[in-house]
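Structure record follows, encoded as structure tokens.
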Amino acid sequence: MKEESIHFFTEDISYQLRQRTEIRSWLKSIAKKEKYSILELNYIFCSDEYLLQINKDFLDHDYYTDIITFDNSEVKGKIEGDIFISIDRIRDNAQQQKTSIKDELHRVLAHGLLHLTGYKDKTSAESKTMRKKEDSALAYRAF
């Protein structure tokens, strides 16, 4: 059986994620609460421009976003995916939401994982449920 693995990468920016071990444990606990396990999950931190190009190339969207999640899962309940996160957007959103960059980043880390467990955010009802799940995940962080 393949061991759970969560990796963190950067593209086109210099960024150092702190508390990687604690974040990995926390992300695994989010998946477990949703009755999922993580086979392989890659978080790629990048710039606005990098993520905009992914948005254009893969989703045919021409706008900035904070996160794009690609679900590569082949088995129900087993997460495999790539999550691209714009650190530029995280910083801007944190300022606009009057929250810390750390909290905003953790919210987005959880958001991408929650997408991979089946939660959507296209409608206002879906967004409301997603926000509750994010808030819950942030509330039980132990770091």
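Quick look at the numbers
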{"item": "Single unsatisfied condition, residue 17 versus (1) touching a Leu at 6+ places or on another chain (Cβ under 9 Å); (2) buried (at least 17 other Cβ atoms within 10 Å of the Cβ); (3) among the aliphatic types (A, V, I, L, M)", "result": "(2)"}
{"item": "Of all residues making up segment 65-82, the number that are under 14 Å from the mean Cα position of the chain (by Cα), in a strand (DSSP E or B) and not aliphatic (A, V, I, L, M)", "result": "6"}
{"item": "Filtered residue count, segment 119-134, keeping only those that are surrounded by 12 or more Cβ atoms within 10 Å (Cβ to Cβ) and under 21 Å from residue 105 (Cβ atoms)", "result": "7"}
{"item": "Among (1) outside any helix (DSSP H, G or I); (2) in contact with a helix residue (DSSP H, G or I) (Cβ under 9 Å, 6 or more places away or on another chain); (3) of a type in the set (Gly, Ala, Ser), the one test that residue 118 misses", "result": "(2)"}
{"item": "Hey, residue 85 part of a loop (DSSP other than H, G, I, E, B), among the hydrophobic types (A, V, I, L, M, F, W, C) and surrounded by 14 or more Cβ atoms within 10 Å (Cβ to Cβ) or not", "result": "no"}
{"item": "Exclusive hit being in contact with a Phe, Trp or Tyr (Cβ under 7 Å, 6 or more places away or on another chain) and of a type in the set (Lys, Arg), set 131, 89", "result": "89"}
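Each value in this text was obtained by applying a stated rule to the coordinates, not by laboratory testing. Here the structure is a predicted model, which is why all the values come from computation and not from measurement. FYI the Cβ positions are ideal-geometry reconstructions off the backbone, even for glycines, and counts take in every protein chain you see.
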